[in-house]
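Novice: Shown below is the structure under consideration.
The values are calculated or read from the model by the stated rules, or taken from the named source; none is laboratory data. Because the structure is predicted, anything quoted here is derived from the model rather than measured. No Cβ is skipped: glycine too gets one built from the backbone with ideal geometry, and neighbour counts run over all protein chains shown.
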Amino acid sequence: MSSGIRTPVTVLGLGLMGSAIAKTFLAAGHPTTVWNRTAAKADALVEIGAKDAASVTEAVGAAPLIVVSLLDDDAVAKVLSAAGPALRGKVLVNLTSSTPEQSRARAEWADVHGVSYVDGAVMAVPQGLGTPDALLLYSGSESGYRTAEPALKALSEKGTYLGADHGRAAAFDAALVSVFWLSLFGVSMGIALAEAEGIRGSELVPFTPALIGLMPGLMAQTAAQVEADHYPADDTTISSAYEAFTTLRTIFAHHGIDTGVLDASGDVFRRALDSGYGADGLGRLVPVLGGGR
């Protein structure tokens, strides 16, 4: 799979992400074989040059690089089991969302079956694949990753190998995506409050870059405090932040907006305060969340 050769690729699973993966490989000139349990999902890809395999075994036999994008780990287990010995000697890159434990268990299965296994996390929406903004994270077999890397560059030039621990990409994914999911609730709550005050959500948009721009610095500062186990209140204390937080909750409650997300966060603040950390910086919330001191 050298950089001078367009590596044949097989894509197993043609949901939104799997279809986007196949399209991106095709656009980059890679001979691409596809398979999906519902065969009709392959039709649009066949029209643009993909080969539709009649079975998982046929699909796996068509290429040295197998990329999997299925619903969950159970689906991956069933499909790989159906492939059987045809997988031996292949490089398998699993881009299905999974837990770190599932990724490590899948790697053990792959080792028994003679497969070079790479676990991956797609930090992009399907339409973002192949663009400069796409980011994919990989961990597991380094030799497998290096072999597949030239082809994987079609999906993301910023693809990053994180190490031999097969669960590492899934762990990075979970940690980073947690920021996204809680931000989604923040966006939803912010617009709900704006609407309750007679403000259109679109009126908030010009002011959001200033807030979003604070996030990289906040993450860097928090990570540094946790790694040093030292929590100076350089910007604010937990006590003062909690006072501002309770005011915010009061505003939401006044409008009858669901405060469940805020209440859960308030419980973390109160645990920190009850433990005597009111004068510490906000980084102290990390070990409180983790059940530590």
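Novice: Of the residues Glu157, Glu149, Glu195, only one is outside any helix (DSSP H, G or I) and among the acidic types (Asp, Glu); which?
Specialist: Numbers: Glu149 fails: outside any helix (DSSP H, G or I); Glu195 fails: outside any helix (DSSP H, G or I).
Checking each option against the conditions leaves just Glu157.
Novice: Same structure, new question: On the given criteria, is Ala82 part of a loop (DSSP other than H, G, I, E, B) and under 18 Å from Val115 (Cα atoms)?
Specialist: no
Novice: Could you list, in sequence order, the residues of region 252-261 that are assigned to a helix (DSSP H, G or I) and either surrounded by 15 or more Cβ atoms within 10 Å (Cβ to Cβ) or touching a residue at least 60 places away in the same chain (Cβ under 8 Å) (or both)?
Specialist: Phe252, Val261
Novice: If you don't mind, another one. In region 271-287, which residues are crowded, with 20+ Cβ neighbours inside 10 Å and either of a type outside the set (Asp, Glu) or within 25 Å of the chain's Cα centre (by Cα) (or both)?
Specialist: If the condition is that a residue be crowded, with 20+ Cβ neighbours inside 10 Å and either of a type outside the set (Asp, Glu) or within 25 Å of the chain's Cα centre (by Cα) (or both), then Ala272, Tyr277, Gly281, Leu282, Gly283, Arg284, Leu285 are the ones that fit.
Novice: Of all residues in region 104-124, which are part of a strand (DSSP E or B) and either out of contact with any Ser or Thr (no Cβ under 6 Å at 6 or more places or on another chain) or of a type in the set (A, V, I, L, M) (or both)?
Specialist: Residues satisfying the conditions are Val118, Gly120, Ala121, Val122.
Novice: Read through the list (1) more than 22 Å from Phe185 (Cα to Cα); (2) more than 27 Å from the chain's Cα centre (by Cα); (3) in contact (Cβ under 8 Å) with a residue 60 or more places away in the chain, then give the number of the only condition that Gln221 fails.
Specialist: (2)
Novice: Only one of these conditions is not met by Leu136: (1) surrounded by fewer than 16 Cβ atoms within 10 Å (Cβ to Cβ); (2) more than 24 Å from Ala83 (Cα to Cα). Which number is it?
Specialist: Here Leu136 clears every test but (1).
Novice: Sticking with this structure for a sec: Would you confirm whether or not region 85-93 contains a residue that is crowded, with 19+ Cβ neighbours inside 10 Å, in contact with a helix residue (DSSP H, G or I) (Cβ under 9 Å, 6 or more places away or on another chain) and more than 16 Å from Val9 (Cα to Cα)?
Specialist: no
Novice: While we're on this one: Out of the residues in region 200-213 that are exposed (fewer than 13 other Cβ atoms within 10 Å of the Cβ) and not in a helix (DSSP H, G or I), state the one that is modelled with the lowest pLDDT.
Specialist: Step one: list which residues in region 200-213 are exposed (fewer than 13 other Cβ atoms within 10 Å of the Cβ), which gives 200, 202-203, 205-213.
Then keep just the ones that are not in a helix (DSSP H, G or I); that gives 200, 213.
Values: Arg200: 98, Gly213: 94.
Looking at the filtered set, the residue picked out is Gly213.
Novice: Condition test on Lys90, is it basic (Lys, Arg), touching a strand residue (DSSP E or B) at 6+ places or on another chain (Cβ under 8 Å), modelled with pLDDT of 95 or more and more than 19 Å from Ser19 (Cβ to Cβ)?
Specialist: Judged against the criteria, Lys90 is a match.
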